[in-house]
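The next block holds one structure in the form of structure tokens; read it before the comments.
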């Protein structure tokens, strides 16, 4: 049986913990707002870009002129760009991504396809450090400040890999931000590119292209990869903060609950002590009669 | 003239501009082009340079750091890598960038380095030119 002092000490400790988790919750909330704003600012660009590429790609019948659109005849090696957070304490956010990645790798390996990974995020890097998976590169600190430059660097590396035959297909696995309480790992094929198909009504327009249709599309396709990577980074960063906020909120609630039960035990123990003392006094007085 | 053009400039960082204007002149890869209401559908690559548009009788300037343009149904959409309206340009920073780029061109050892430095110089010059117009 814990003594009164032990229980008191524990209550104080739990209270301190809840202060910390509460502070972390508020920090995450503030960062979430910032990240969400950044994502929303980027959104129109991504949207327009999709439209753009859809329009250009719609007129293409023969994809073989564009190496980035052409699927390889035989897929032997696959590259996975895995985006995770740099930090933990955000519930199952990173674990979900890593489990999805592990599943992806296992499935490909079962088909005899070789997989190598490019990590974007410290948690991914640490996870694959001691696992029998080939890691090509590891990037960290991308989500602190999501930048076009980073997406471009990673993207051009991937394109080069695809074009030189280092990888026959390239996938990206990131956390899709559905809403504040729900984020879902989602897998998208980056290369070869599958452009979104056009709505029927817009096909009627005959565009004039400058310099030429082919030159324009060739120029645009790599940028499309960068845009997709950038969007994934934004989504993951927003998701990370949302997940951390939820996790910290939970932790704070659990702390409160724990303090409540501990206080109850404390009061019970105190009362039991008083009762016992009273019994002793009464018993002593009785014996004196 | 009753008809107007809707001009929209977006970059990865933000939506820079979204206005109803009379005419747009943009720096195309193969030369400047102007867009008036009723323009045919047009897709084009942009180079680093100056975009002008006329609104309520006044001419405005925007520095565009390369990208793409689309004209469709009296709507001009510019997808730029970066873009700044004249008032937003940081002249001090642009001057510093110009000097840095000039130095890098002088010191460049291979053609890639040279090309990068030259692109940086172009961006700085475009910004400065437009800042002066203001």
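Some notes on this structure:
Okay, residues lined up against (1) part of a helix (DSSP H, G or I); (2) touching a residue at least 60 places away in the same chain (Cβ under 8 Å); (3) in contact with a helix residue (DSSP H, G or I) (Cβ under 6 Å, 6 or more places away or on another chain); (4) assigned by TED's automatic domain parsing to the domain that holds residue A:266:
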residue: A:12; (1), (2), (3), (4): yes, no, no, yes
residue: A:18; (1), (2), (3), (4): yes, yes, yes, yes
residue: A:34; (1), (2), (3), (4): yes, no, no, no
residue: A:44; (1), (2), (3), (4): yes, no, no, no
residue: A:50; (1), (2), (3), (4): yes, yes, no, no
residue: A:64; (1), (2), (3), (4): yes, no, no, no
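- Listed conditions (1) assigned to a strand (DSSP E or B); (2) at pLDDT below 85 are all met by residue B:112, apart from (1).
- Segment B:32-50, subset more than 9 Å from every other protein chain (Cβ to nearest Cβ) and surrounded by fewer than 18 Cβ atoms within 10 Å (Cβ to Cβ), residue nearest to residue B:89 (Cα to Cα): B:47
- In segment A:128-158, of all residues being over 21 Å from residue A:104 (Cα atoms) and in contact (Cβ under 8 Å) with a residue 60 or more places away in the chain, the one that is nearest to the chain's Cα centre (by Cα) corresponds to A:143.
- Evaluation of residue A:139 against (1) under 30 Å from residue A:55 (Cβ atoms); (2) more than 14 Å from chain B (Cβ to nearest Cβ); (3) modelled with pLDDT of 90 or more (one fails), failing number: (1)
- Selection of strands (runs of 3 or more DSSP E) fully inside segment B:11-70 by the criterion of at least 2 residues being closer than 21 Å to residue A:222 by Cα, in contact (Cβ under 8 Å) with a residue 12 or more places away in the chain and not assigned by TED's automatic domain parsing to the domain that holds residue B:129 returns B:42-55.
- Residue that is surrounded by the most Cβ atoms within 10 Å (Cβ to Cβ), among those in segment B:1-16 that are under 12 Å from the mean Cα position of the chain (by Cα) and closer than 17 Å to residue B:87 by Cβ: B:9
- Within segment B:71-92, being more than 11 Å from the chain's Cα centre (by Cα) and in a loop (DSSP other than H, G, I, E, B) holds for B:73, B:74, B:89, B:90.
- Conditions (1) surrounded by 19 or more Cβ atoms within 10 Å (Cβ to Cβ); (2) away from chain B (no Cβ under 14 Å); number of the one not met by residue A:52: (2)
- Verdict on residue B:100 being without any contact (Cβ under 8 Å) to a residue 60 or more places away in the chain, touching a helix residue (DSSP H, G or I) at 6+ places or on another chain (Cβ under 8 Å) and in the same structural domain as residue B:13 (by TED's automatic domain parsing): no
The values are calculated or read from the model by the stated rules, or taken from the named source; none is laboratory data. Please read all numbers here as calculations on a predicted model, not as lab measurements. Neighbour counts are summed over all protein chains in view; Cβ atoms, including those assigned to glycine, are modelled from backbone coordinates with ideal geometry.
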